[in-house]
């Protein structure tokens, strides 16, 4: 019985994972708070976490039909993420653990994403893991629990950050991913040739910093945009960004001889990515593993699941558990 917390960025999430695999996974979104400001404000995010985390915990326990005494472990994201946000979750988890005399399992947020696609699925090693979100664009070779080799990453902006920046340029609001995904369905993805950073390099690294400048210059050049123009720019940007992710990931799979490829993180909810990834898997003959929509964005269930894979990291020495915003895998 694991009670887990994730407050790595702007979503407060509490989950309970039972021994039989059943679960409760609650997420309190802060999109409406940060939308007006065009992005996440760390201090506001932390304040909201502190306001809702206790209530969300009680709701999770009630929905699970449990008593606090039935919880056996507490798991919490310790990093990476926004320091003010992480501190709220870590402090709450440690305080609750102390009061209940329970061991705490510190979990790396990126590891939560790495294993999220395999929840309630067969987990076999090795596999390639592409983690794509607003803060991360990493490609890992995963050989086992705790055995990761970083083979590619963004050298500047994360792909999710690029979605948000392009959405801001087009006055589409925040977060940018869902609205660009929706608009792209009615747009022409071939009207504009959006640049793909590092496309012709042999490395598996990515670059998305040039996208914002290109789209900004394009918009300035075009002047007043029609609804068709906006949809076409969104579709062209989405195609260019997703295509380079898949192209390099599939090439890495071939060169490394790894037949299982997973994609996780907030951007893995993108409908074009999911459709393209599955088609490419069928065409190329590799196994594609995608998380459920519930497990794509930041959530505590993936933290509980990662914790369940290795209970040996549990500790009752709470002084060793600290928030680390720059934690790496």
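General remarks:
- So residue 127, is it farther than 30 Å from residue 20 by Cβ, crowded, with 20+ Cβ neighbours inside 10 Å and touching a strand residue (DSSP E or B) at 6+ places or on another chain (Cβ under 8 Å): no
- Tally of residues being surrounded by fewer than 24 Cβ atoms within 10 Å (Cβ to Cβ) and out of contact with any helix residue (DSSP H, G or I) (no Cβ under 9 Å at 6 or more places or on another chain) across the range 100-115: 1
- Checked against the criteria, residue 231 counts as crowded, with 20+ Cβ neighbours inside 10 Å and over 22 Å from the mean Cα position of the chain (by Cα).
- Picking from residues in the range 245-273 that are surrounded by fewer than 18 Cβ atoms within 10 Å (Cβ to Cβ) and either outside the structural domain of residue 159 (by TED's automatic domain parsing) or under 21 Å from the mean Cα position of the chain (by Cα) (or both), the one that is nearest to residue 181 (Cα to Cα) is 271.
- Of the residues making up the range 8-35, those that are part of a loop (DSSP other than H, G, I, E, B) and in contact with a strand residue (DSSP E or B) (Cβ under 7 Å, 6 or more places away or on another chain) number 2.
- For first residues located in the range 168-179 and at positive phi, partners that are at pLDDT 90 or above and surrounded by fewer than 20 Cβ atoms within 10 Å (Cβ to Cβ) and lie 6+ apart or on another chain with Cβ distances below 8 Å form the pairs 173/179.
- For the residues 44, 26, 37, the requirement of being surrounded by 15 or more Cβ atoms within 10 Å (Cβ to Cβ) and over 20 Å from the mean Cα position of the chain (by Cα) singles out 44.
- Residue list for the range 190-233, restricted to those being in a loop (DSSP other than H, G, I, E, B), farther than 15 Å from residue 163 by Cα and in contact (Cβ under 8 Å) with a residue 24 or more places away in the chain: 190, 191, 192, 193, 198, 199, 203, 204, 205, 225
The values are calculated or read from the model by the stated rules, or taken from the named source; none is laboratory data. None of the values given here were measured: they were computed from a predicted structure. Please note: Cβ atoms are built from the backbone with ideal geometry, for glycine as well, and neighbour counts cover all protein chains shown.
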